[in-house]
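Novice: Have a look at this one before I ask anything.
The values are calculated or read from the model by the stated rules, or taken from the named source; none is laboratory data. From a predicted model like this one, the values you see are computed outputs, not experimental measurements. Methodologically, a virtual Cβ is constructed for each residue, glycine included, from the backbone with ideal geometry; neighbour enumeration extends over all protein chains shown. Only protein heavy atoms, including side chains, enter the accessible area calculation; ligands, DNA and RNA are left aside. Shrake-Rupley method; radii C 1.70, N 1.55, O 1.52, S 1.80 Å.
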Amino acid sequence: MTFTKSKTCRIRVHANFSKKNTVAAAVLMLSMVPASQALETGLPGVEIFGIIDAGFLYQSKSDQGGGGSKTSMETSGLRQSVLGFKGNRDLGKGLSGFFNLEAHFDTNNGNFHGTGDAAGTGNVLFRRQANLGLSGDWGSVTLGRQYGPALLAHIATEPRAFKEQFSNLYAWAYNQYAATAGGPGTDRNTNNDVGIFFSNAIQYRNTVGPVNFGVLWALGGKEGGMEKNSAYALGATYTGPVTLSASYQEVKDEATAHSNVKHAGLGIAIPFGDFTFKGNYLNAKNDTKAGANVSDVDGIGVGVDWKWHPRNTATVAYYDNKDKRNSNDHTRNLVFSNDFSFRPDTTFYVQMAYVDAGSAATIKTSIVAAGIPAVGEQSFLLNVGLNFTF
């Protein structure tokens, strides 16, 4: 299996699916790149932005060979490496036009990162975003390849904000990857890339009082009905004394229009002084195009962020991910991390994870970007790296 792997914020999610390498988005924490940090191109209203991230990853037991230890370069530990272009133009009468182009590359070798799109649908240059749209007091409408609203809704409530390494970003992505894994005739949807990126999509977003929400429809483009090959996604975030999040999305088969993937989520974040307590629940059901259920995965994450110094944020998180159809596809994960900001655009991070993988653990329950630690074993992982934004 190859997974030859955004008031405004951009989510950075990365995914690199292969038999031995896991998702990195994959999707997604959010990365704030202020306009003042973007590079002016000389063209009116056009800017260049990016992230460069790399570090080292140690695993006490890997999924390779005899399950021995492994040390490797991790191309995106905190956030994925990207290069993008964005623009915004005043069209008058309260109307603005905008565009986003965002590519994904691997820092360790300089190659463009791969894709989780359906086999045979082409190589994706701007994997993360290739869209344009209009915005005003009424909200915004975006057309093209873009982030879905479901994952965006949970950024503030996911215990590690969907960081690239050691979060439920991987469980999110791999539980939706199967719907694009094969060629024509298999259980697939050509508009879904791991439940994070959607092609041929139109999305409406708005903020009403304390609630920010989005609704997306990816057009199927198949004859015989609008449902075939389509995808639907919605997500909402309430920001008040506490933060609440909810999402739902479906990915429909290109031949039968059956919902191959149904994915739902709920989350909460409670601030208390220098601490923020978080809880997040995700469920993913995968079916074949004929309607047979093949997996039903619950992902539960709880954690706390502690801003113990103006430049330091420590996080402790626990994840318990399990396929209810296969009790042995179960991982329990304890994560400790600290992010040190030299300045707003430069972060040094240290993150550790203890992973207890069940005897039939798969990537659907994993939180590890570089592959599943040894199945049926208990493993220790350490990731140290540096993250630049511009």
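Novice: Taking the residues in region 65-90 that are out of contact with any Leu (no Cβ under 9 Å at 6 or more places or on another chain) and of a type in the set (S, T, N, Q) as candidates, determine which candidate is surrounded by the most Cβ atoms within 10 Å (Cβ to Cβ).
Specialist: Only one residue fits best here, namely SER76.
Novice: Here are GLY144, GLY68, GLY84: which of them is part of a loop (DSSP other than H, G, I, E, B) and either of a type outside the set (S, T, N, Q) or over 27 Å from ASN189 (Cβ atoms) (or both)? Give the derivation first.
Specialist: On the way: GLY144 fails: part of a loop (DSSP other than H, G, I, E, B); GLY84 fails: part of a loop (DSSP other than H, G, I, E, B).
Exactly one of GLY144, GLY68, GLY84 is part of a loop (DSSP other than H, G, I, E, B) and either of a type outside the set (S, T, N, Q) or over 27 Å from ASN189 (Cβ atoms) (or both), namely GLY68.
Novice: Sticking with this one: Here is a list of conditions, (1) open to solvent by less than 10 Å² (accessible area, probe 1.4 Å); (2) not aromatic (Phe, Trp, Tyr); (3) not in a loop (DSSP other than H, G, I, E, B), and PRO159 meets all of them except one; can you say which number that is?
Specialist: The number of the failed condition is (3).
Novice: Working only within region 180-204, note down all residues that are open to solvent by 50 Å² or more (accessible area, probe 1.4 Å), assigned to a strand (DSSP E or B) and not β-branched (Val, Ile, Thr).
Specialist: Scanning region 180-204 gives ASN200, TYR204.
Novice: Next question, about the same structure. Within region 223-249, work out how many residues are among the β-branched types (Val, Ile, Thr) and surrounded by fewer than 19 Cβ atoms within 10 Å (Cβ to Cβ).
Specialist: 2
Novice: Please enumerate the residues belonging to region 129-149 that are in contact with a Ser or Thr (Cβ under 7 Å, 6 or more places away or on another chain), closer than 20 Å to ASP117 by Cβ and of a type in the set (Gly, Ala, Ser).
Specialist: none
Novice: Out of all the residues in region 162-174, which are in a helix (DSSP H, G or I) and touching a Leu at 6+ places or on another chain (Cβ under 8 Å)? It would help to see each step written out before you state the result.
Specialist: Just the residues of region 162-174 that are in a helix (DSSP H, G or I), to begin with: 169-174.
Within region 162-174, LEU169, ALA171, TRP172 meet the criteria.
Novice: What pairs come up if the first residue lies in region 85-103 and is closer than 13 Å to PRO44 by Cβ, the second is open to solvent by 60 Å² or more (accessible area, probe 1.4 Å) and not in a strand (DSSP E or B), and their beta carbons are under 6 Å apart, counting only those six or more places apart or on different chains?
Specialist: none
Novice: Here is a follow-up. What single numbered condition from (1) out of contact with any helix residue (DSSP H, G or I) (no Cβ under 8 Å at 6 or more places or on another chain); (2) under 17 Å from PHE197 (Cβ atoms) fails to hold for GLY116?
Specialist: (1)
Novice: Still on this structure, I have one more. Tally time: how many residues in region 372-388 are part of a strand (DSSP E or B) and open to solvent by 20 Å² or more (accessible area, probe 1.4 Å)? Lay out the reasoning, then the answer.
Specialist: So the first thing to find is which residues in region 372-388 are part of a strand (DSSP E or B), and the list is 378-388.
Next, only the ones that are open to solvent by 20 Å² or more (accessible area, probe 1.4 Å) stay: 378, 380, 382, 384, 386, 388.
Of the residues in that region, 6 qualify.
Novice: Within the group PHE99, PHE126, which residue is among the aromatic types (Phe, Trp, Tyr), in a strand (DSSP E or B), open to solvent by 10 Å² or more (accessible area, probe 1.4 Å) and touching a Lys or Arg at 6+ places or on another chain (Cβ under 9 Å)? I'd like the intermediate steps shown before the answer.
Specialist: Values: PHE126 fails: in a strand (DSSP E or B).
Of the residues listed, the single one that is among the aromatic types (Phe, Trp, Tyr), in a strand (DSSP E or B), open to solvent by 10 Å² or more (accessible area, probe 1.4 Å) and touching a Lys or Arg at 6+ places or on another chain (Cβ under 9 Å) is PHE99.
Novice: Also, I was wondering about something else. For LYS86, work out the one condition from (1) within 19 Å of the chain's Cα centre (by Cα); (2) at pLDDT 75 or above it doesn't fulfil.
Specialist: (1)
Novice: Mind telling me which of the residues GLY139, GLY97 ends up being out of contact with any Asp or Glu (no Cβ under 6 Å at 6 or more places or on another chain) and on the phi > 0 side of the Ramachandran plot? Give the steps one after another, and end with the answer.
Specialist: Details: GLY97 fails: on the phi > 0 side of the Ramachandran plot.
None of the others qualify; the one that does is GLY139.
Novice: So is SER62 over 21 Å from PHE388 (Cα atoms), at pLDDT 60 or above and surrounded by fewer than 17 Cβ atoms within 10 Å (Cβ to Cβ) or not?
Specialist: In short, no.
Novice: Another question, then. Would you please list the contacts, defined by Cβ atoms under 6 Å and residues six or more apart or on different chains, that run from a residue in region 239-253 that is part of a loop (DSSP other than H, G, I, E, B) to a residue that is aliphatic (A, V, I, L, M)?
Specialist: Close Cβ pairs satisfying both conditions: VAL242/ILE270.
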